[in-house]
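Read-outs: derived from the displayed coordinates by stated rules, not from any lab. These numbers come from a predicted model, not from an experiment. Cβ atoms come from the backbone with ideal geometry, glycine included; neighbour counts cover every protein chain shown.
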Amino acid sequence: MFKNYIQIAFRSLWRQRVFSGINLVGLAVSMSSFLLIFSYVGFERSYDSFHVKVDRIYRVICDTKTETEVLPTGLTSGPTGPAIKTNFPEVEQEARICFMSFLTQNGTRKFQESHIIAADSSLFSIFSFPLLKGDPRTALRDPFSVVLTEAGAQKYFGSADPISQILVLNGKYSLKVTGLMQNIPANSQFHGDILVSMSTFSGRLYGNWDQNWGNFNWFTFLLLRPGADPHRLEARLPAFVKEKAADVEKQTGMSYTLHLQPLKSVYLGPTLNNYGQGEPTGSKANAYIFSIVGAFILLIASINFVNLSTARASERAREVGIRKAIGAVRAQLTGQFLGESILLCLIAFALALGLCNLLHPVFTGLLGMDIPFRAFGAGGYVGVLLLTAIAVGVLAGIYPALVMSGFNPIAALKGRFISTKNGLAMRRVLVVFQFTISTGLIIGTIVVYNQLKYMQDQDLGFRMNQEVSIDYHGDSAVQANTEHIRRELAAIPDVKSVSFSSNVPGTSADNWYLRIANPRGDMQGANLNFYIIDFDYFQHYGIRMMAGRGFSREFSTDSTKSLILNEAAARSLGYGDPAKAVGRKFNMWGTDGTIIGIAKDFHYRSLEEAIQPLAFRIFNPGFYNVISVSIAGNHIPQTLAALGGRWKQLAPERPFQYSFVDEDFAKLYSAEDRFQRVFLYFGLLAILISCLGLLGLAAYSTIRRTKEIGIRKVLGASVATIVGLLSKEFLHLVFIALLIASPIAWYAMHSWLQDFAYRTIVAWWVFPLAAGIAVLITFLTVGVNSVQAAVADPVESLRMEG
């Protein structure tokens, strides 16, 4: 019997190969899309899950409170971790890391490493970073010890054994390789191929830099003992901080509050300085949206299956009648038709796996992420995918199976079976549901595109076109010759101006503490982002002053005792009118000075976040890291070549690393750009699958009304009249879907936009545009069959049996 059912199933699929093909393509494409999205969402949720003790690992985050604001950060002061471990027995271990930039070399091989990790020796007892060589307990214990990943070892030493080899930092400090580590997995929140012992810097190169409670440069992690309650520990931290940092709070006027953040919630949580520039940060909202889109795509294909199966039910009425007449019961018939549904889904599932492997590189390219696809790896993963396919077969096939198995056998054998009003109503409801989803995706795609374009088109408040940034990472040899280098670079044809600074717009700024007089005249503590600049910086980037003046070589104190704030910084100190901050006193690192000007706010970070307080000072060249070179746009390749050649003469020990400021700034929107593209492609895919179902229903409807069409043509109906007649029903359903989708899509996209500090609105014209697109798609889809039927010979139509 089972073999007979299989034969009948394949025979039925082949007999109705057009409709079966539509179902098969729709299901295969939707399943592959679902599985790719499932891989992405699963990867996003898997960050740091490879650590064996992940459920006991917490990151310490800190709220810095001033009189006017609370600044949360993922950074802590150096003594925080060791002091917590000493004072709280429920803490089994602690480790700190911070990121550094050095020129590293092995012999003549030199590389500028911008992501060196300084780490405590306890790192390996908390995190699961397996060492292939070396002792994890001692590898990062001694000063001037370094652990390399496999990639780092290959980079510097090739196939040679790296253990006990020497790396040199900045041409001065020799580090001994004490460990070889596996490459850090892609789904780790921080990466680096070089790990240097924290003791190299604390007490050696930088003195007791990690003993200052007011110096926030470290990411601190705690490993709690099994059974320890993190909430109880966190509740005891305020009193602990108040005791330990009492002197800092007294000196600065700021207070600090510590919190514990589970490691597994960091990646999809608030950014909070997540491990520096270039490290991945996730979006819980985007992962959630993609999950919904993936489920919708699968649901749309399942609706197609239900619609086409129930629409063709009458064609199998005689088969049902015969089977019931010879003794088949409803349960057997239900099982047969459900089995056919599952069989089709399993075939689609096999095709979907092939599509996944074929499209996986394209998908990961769109996301800009290296997401592993394990469909042919772990058996458990394949099992989940297989169960998903079977579930789709059951859910999509149960209703058609129940409908067909419930036919009246006498009516079916007499050929008097017709589609019921209930069946027609169900199909209409499902079509409306399909196009509600599709129209919502159209609206969402338009809004996402508008938001990205809005951010990219905004006036950022500074000039960045044709700006070349040469990053020399604070090289001391360059810092000692800034004026000579300035003159040499400025002398190159097509170079318009040159400026030295610690940062350029679009990069992270250092956060420093100072005291500034507030509107009441009291000296108020503040942690501000700082740019250390030269006298030409504001003019170079076209940054305007709103009050006071900029830095000038005519004032000798400007390089020692002057400060400029942006408007956001003045407002954060309580000045309703930022101009009133001009002339106020400040104290920084024991030196008194005066605020000489207020710079107009400019977007030095992404428009996704509000403009943050920013301060500017001129110090000695030892604080500079980067050279900004403004060039003419006529001969860019030649100018870059000239800059590179001159750089080799001026700084032969330093690689010529440059980038364009506008390109670097555009990278701040790379996540939003990827989200928009992926959302667009999957939205189009959902619409395409909906159209496949609509095409099938339209074709079936046309076949059922062939004789009616022939009669109308004989009576004089035009082609346009018949096309309109056949299209009207579906267009009516699409309009209903538009009415349902519009408020839902508006609410969803309005909520999504709230994550952006600077955002567009869900404009009124989005809805008629989406309606026009939906109607056009529907008309084109249905019109293919309608036109064919309308131009057919009416004599042949009237001869058809029906």
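For the pair segment 150-196 and segment 484-556, the centres of their Cα atoms are 36 angstrom apart.
First select every other residue whose beta carbon is under 15 angstrom from the beta carbon of T781; then total the charges, Lys and Arg +1, Asp and Glu -1. Local charge sum for T781: 0.
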